[in-house]
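Taken together, the values in this text are just the output of simple stated rules run on the coordinates, not laboratory data. Here the structure is a predicted model, which means the values were calculated and not measured. Cβ placement follows ideal geometry from the backbone for every residue including glycine, while neighbour counts extend to all protein chains displayed.
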Amino acid sequence: MFTGIVEEVGVVVGVEPRGNLTRLTMRARQVLADAQLGDSIAHNGVCLTIAELVPPLYGCDVMGETLAVTTLGALRPGSRVNLERALAAGGRFGGHFVQGHVDAVGTVAAIRRDAQWVTFELGAPADLLALVVAKGSIAVDGISLTVVARTPAGFTVSLIPHTLAQTTLGDRRVGDRVNLEADILAKYVAAALHATNADAHAAPAAGTMSWQWLAEQGFGAAE
């Protein structure tokens with residue numbers, strides 16, 4: 001579990017295919033201060049496990065599926081990556097609950113620069129947008145952000161200069177792809193409502209069908 005508060009921006013130094021896996025080698029310092037083999041680190045919002053550790057370098061093995069459904073497949077030596085260690089029990093909680101499991105890849109549709117902040121408009125798939133609400137939380141490339149507003153095909157977020165300077169969002173341009181993870185609370189609520197709705201319309205067990213049940217499904221008045 002993570003919080004979406006980026007600790008540092010690391011740099012990719014190697015991308016090595018190894019059969020069904022790809023070894024991603026990174027250079028970092030802060031996230032390696034107390035790191036051990038097997039620890040979890042979020043990379044642009046994707047949770048990966050440390051498989052090799054020789055500070056200031058470390059390596060993570062990434063499955064092909066992860067490369068295909070996130071932006072990690074586009075990383076090359078020299079790419080900058082948002083890094084965050086997993087939340088320690090009793091640690092300071094500054095963002096929102098982030099799992100490190102990307103729900104979708106969005107696209108930077110527009111960037112509007114104002115005097116004190118920058119507004120990003122992000123395009124996103126409809127199934128993810130169903131979980132997005134104004135003033136709610138969302139992780140963009142592993143960064144905990146507050147949704148300003150919904151748009152017909154996405155949503156907007158506003159970024160202060162500190163966030164732009166301390167994360168990779170300051171590098172982003174229109175057309176760039178970003179990893180998106182919806183708020184876990186929204187996903188649980190949506191799943192519960194779906195299950196409740198499905199149960200309400202499910203056919204009764206064999207031998208228990210009644211006129212009342214038929215009426216509730218719109219098949220005439222109950223008797």
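Distance between the 7 Å Cα→Cβ label points at ASP114 and LYS187: 3.1 nm. Given their separation in residues at 0.36 nm each and the Cα-Cα distance between them, GLU8 and GLN99 gain 30.9 nm when the chain is fully extended. Can you classify the stretch 104-187 as rounded, prolate or oblate using the Cα gyration tensor, where a ≥ b ≥ c are the square roots of its eigenvalues, rounded means a/c under 1.5, and otherwise it's prolate if a/b beats b/c and oblate if not? Because a/c hits 1.5 or more and a/b exceeds b/c, the stretch 104-187 counts as prolate.
Extension gain for MET63-ALA165 works out to 33.7 nm (0.36 nm per residue, less the C-alpha to C-alpha distance).
Per-residue ellipticity at 222 nm from helix content only, as computed over the chain with -39500 (n - 2.57) for each DSSP H run of at least four residues, stands at -5000 deg cm²/dmol. Quick one: helix 184-201 against the long Cα principal axis of the chain, what's the angle to the nearest 10°, folded into 0 to 90? Compared with the principal axis, the helix lies near 20 degrees.
Ranked by the mean number of other Cβ atoms within 10 Å per residue, highest first, peptides 135-141, 115-121 order as 135-141, 115-121. Return the label of the correct value of Rg/Rh (Cα atoms, Kirkwood Rh), as calculated from the structure shown, out of (1) 1.06; (2) 1.11; (3) 1.23. For Rg/Rh (Cα atoms, Kirkwood Rh), the calculated option is (2).
Between GLN30 and THR146, the simple spin-label model (points 7 angstrom out along Cα→Cβ) gives 2.2 nm.
Each part gets one Cα centre, and for the stretch 2-19 versus the stretch 114-179 those centres are 20 Å apart. For the pair ARG92 and ARG173, the difference between a 0.36 nm per residue extended length and the Cα-Cα distance amounts to 26.0 nm. Which of LEU21, GLN116, GLN99 sits farthest toward the positive end of the charge dipole of the chain, with +1 on the Cβ of Lys and Arg and -1 on the Cβ of Asp and Glu? So the residue furthest toward the plus end is GLN116.
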